[in-house]
1. Whose amide H sits under 5 Å from the amide H of HIS56, counting only residues 5 or more places off or on another chain, with H placed in the peptide plane?
2. What is the local net charge at ASP74, summed over the other residues whose Cβ is closer than 13 Å to its Cβ (Lys, Arg +1; Asp, Glu -1)?
3. Collect residues whose amide H, placed 1.01 Å from N in the peptide plane, falls under 5 Å from the amide H of GLN14; neighbours closer than 5 in sequence don't count.
4. Give, as a single signed number, the net charge of other residues whose beta carbon lies under 11 Å from the beta carbon of VAL32, with Lys and Arg counted +1 and Asp and Glu -1.
5. Please list the equivalent ellipsoid semi-axes of the chain, computed as the square roots of five times the alpha-carbon gyration tensor eigenvalues, in descending order and whole angstrom.
6. So how do ARG52, ARG46 rank on accessible area, 1.4 Å probe, biggest first, that is with the largest at the start?
Amino acid sequence: MREGDCVYFKQPFQPNPAIPKTYQQGIIAAIVTSESTDRVTDVIVRLYDPNRDAIHVDEDGSSALYSFQRDELDW
């Protein structure tokens, strides 16, 4: 698992509860590790829509980042 890899969410992710759009995939933007154990603690992703070949942008037009725990993802 590296930055730039595509990952799949084990559960659909809905970034905005007011909008019924969900995502199943993301692109890794960063990997957070524990200094003491060097284990992955969080994976930071950009939501990805393969049908449109597009990265999700938030209401402000920014490429939003979301944090997931490693066990919430498949790759």
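The values are calculated or read from the model by the stated rules, or taken from the named source; none is laboratory data. What you are looking at is a predicted structure, and each value in this text was computed from that prediction instead of being measured. Here Cβ is always computed from backbone atoms with ideal geometry, including for glycine, and neighbour counts include all displayed protein chains. Just so you know, the surface numbers come from the protein's heavy atoms only, side chains and all, with ligands and any DNA or RNA stripped out. Shrake-Rupley method; radii C 1.70, N 1.55, O 1.52, S 1.80 Å.
1. When sequence neighbours closer than 5 places are left aside, the close amide H contacts are LEU47, TYR48, ASP49.
2. -1
3. Long-range HN contacts for GLN14: TYR23.
4. 0
5. Semi-axes (√(5λ), whole Å): 22, 12, 12.
6. Per-residue accessible area, sorted high to low, gives ARG52, ARG46.
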